[in-house]
1. Every residue in segment A:1-23 that is buried (at least 17 other Cβ atoms within 10 Å of the Cβ) and either free of Cβ contacts under 8 Å to residues at least 24 places away in the same chain or closer than 18 Å to A:Tyr95 by Cα (or both), please.
2. Kindly provide the set of residues from segment B:191-208 that are in a helix (DSSP H, G or I) and either more than 9 Å from every other protein chain (Cβ to nearest Cβ) or of a type outside the set (Lys, Arg) (or both), ordered by number.
3. Residues in segment B:207-217: is at least one more than 18 Å from the chain's Cα centre (by Cα) and modelled with pLDDT under 90?
4. Could you say whether any residue in segment A:68-87 is modelled with pLDDT under 95, away from chain B (no Cβ under 13 Å), crowded, with 20+ Cβ neighbours inside 10 Å and not in a helix (DSSP H, G or I)?
5. What is the one condition in (1) in contact with a helix residue (DSSP H, G or I) (Cβ under 8 Å, 6 or more places away or on another chain); (2) modelled with pLDDT under 90; (3) not in a strand (DSSP E or B) that B:Glu311 does not satisfy?
6. What are the pairs with Cβ atoms under 9 angstrom where one residue, in segment B:155-172, is more than 7 Å from chain A (Cβ to nearest Cβ) and the other, located anywhere, is crowded, with 18+ Cβ neighbours inside 10 Å and of a type in the set (D, E, K, R)? Sequence gap at least six, or different chains.
Amino acid sequence: MENNVLKIAEEEMRKYLYQGPRFKSLGPNSGEEFRDDVLLPWLKRLGPDEKGTVDFAETKMYSPSFLEEAFGGAVRKGFGPQISKLKFEHIDGFYAKQITQYINEALKKQ
Amino acid sequence: MERQAFLDKKNRKRIERIVQEARKRSRRRLWRKYHPDDQQKKRLISEEIVLPQDLDIMDDDKAFELNFALQKAMENSTIQLDFRNVQRITLQAGLSLKAFSDAYILRYHMKPLFRSPRLEKIKAVFCYLEIREYHLNCHTHYKDLDCWHITSFDKSKDEDIPKLLSEEIIPKCLAERNEQENARIATAISETLFNCREHAYNEDSPFQKWYLGYGRYPHSDMYHFCVCDKGMGFRGSIQLRFKEKFLLDDSNIIKEAANGRTGVREGAEQGRGLGLKVAIQNLRNVGGMMLILSGKGLYMAGLSETGGSLETAYPQRRTSLEGSLIDFSIPTSYITRGNQDGE
């Protein structure tokens, strides 16, 4: 994995190709689990001025709750500046707009 | 001597057979003592409710009759439901029956008292729904019931709903549609199923199942997916968090949820109320329509013939539905027109 590209299709993250529910308590592969186990540790490793990219190639199913909890939730956890600089690749345009909307709404509420 | 030996052997065999039969009878008597069969159950029948020809949840009058029968039977285990006259059953009514049957078994530890339908086709529906088992004529093929199927979910089990939908259910049912459209349909349905897990039941509720049914009616160019639960319904779930919304009628409560106006307040560990809204957007993108029934409310959202957004909160119904029922109608062929709702 390139340091600044988070590839969902990579072996240890393949389970997120089928995005699950919002919270861990609601089922496997949740947005909360993805945020805490994958997204936030990766953001912490990124340099402060580095622009990260999340690559959704091969994703079979998107879940709005998953995306909101992962990206909106990361903003609520204090990663707003890094999240707002992220780029999203190989994603259905509808969901790319949804993610941006979730991030902006979470930023507004901060 | 040989003849005597032959007779002895024959007698011995006869005696063995008689003993075996006596044992069988005795076992059967014991079995009946602890597992009353239909004959014995009939002796306990206090009342019989005859169900109408047409079992339909969407039609208010027909739903009223079905609901009345199911409620009565749930209150009193000696009431028998008579299905002999039933000639048609919709997918939504079938799911309600299935939920009723499971809740009944949980409560009374036995199957509900049914008088079997006369029509083989309705018997086939009962078999599909796993409500009853019948030995059906295997040569009979019902085209319209061909893809009827039902999946049940339980709050205590950690099922991978998205994977199940994407890999098994959707490809089986919507084989001829394109992958991107199918992914959107799967998203809309899985979001609704997650909502059921999150909001339909309290932790202490004894019955915690919800169902996904799918099928197609004859001469129809629509597929139907239907999600049904027997939980607290939209009113129960939303009022629990928004006390001020208790003045709204059931249809408008559903409308609030469908428009994403039921997000929780800051700091609460609950969803943000966007699931249903996005599910509707996804359905519109594939030319579909969603009908939501909960309590006495009925709400419809979808795509109009001209391609615009359509949403209606209908006046209150006479029938109050326990839990909620969400019906997705998806055209068999539709070319994605891009993102609706200005998305």
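The values are calculated or read from the model by the stated rules, or taken from the named source; none is laboratory data. Quick caveat, the model's predicted, so the values are computed rather than measured. We place every Cβ from the backbone using ideal geometry, glycine too, and count neighbours over all the protein chains shown.
1. Passing the criteria: A:Leu6, A:Lys7, A:Ile8, A:Tyr16, A:Leu17, A:Tyr18, A:Gln19, A:Gly20, A:Pro21, A:Arg22.
2. B:Glu191, B:Thr192, B:Leu193, B:Phe194, B:Asn195, B:Cys196, B:Glu198, B:His199, B:Ala200
3. Checked against the condition, which is being more than 18 Å from the chain's Cα centre (by Cα) and modelled with pLDDT under 90, segment B:207-217 yields no hits at all.
4. Looking through segment A:68-87, at least one residue is modelled with pLDDT under 95, away from chain B (no Cβ under 13 Å), crowded, with 20+ Cβ neighbours inside 10 Å and not in a helix (DSSP H, G or I).
5. Only one criterion is unmet by B:Glu311, namely (3).
6. So the pair list comes out as B:Lys155/B:Arg197; B:Lys155/B:Lys209; B:Ile170/B:Arg177.
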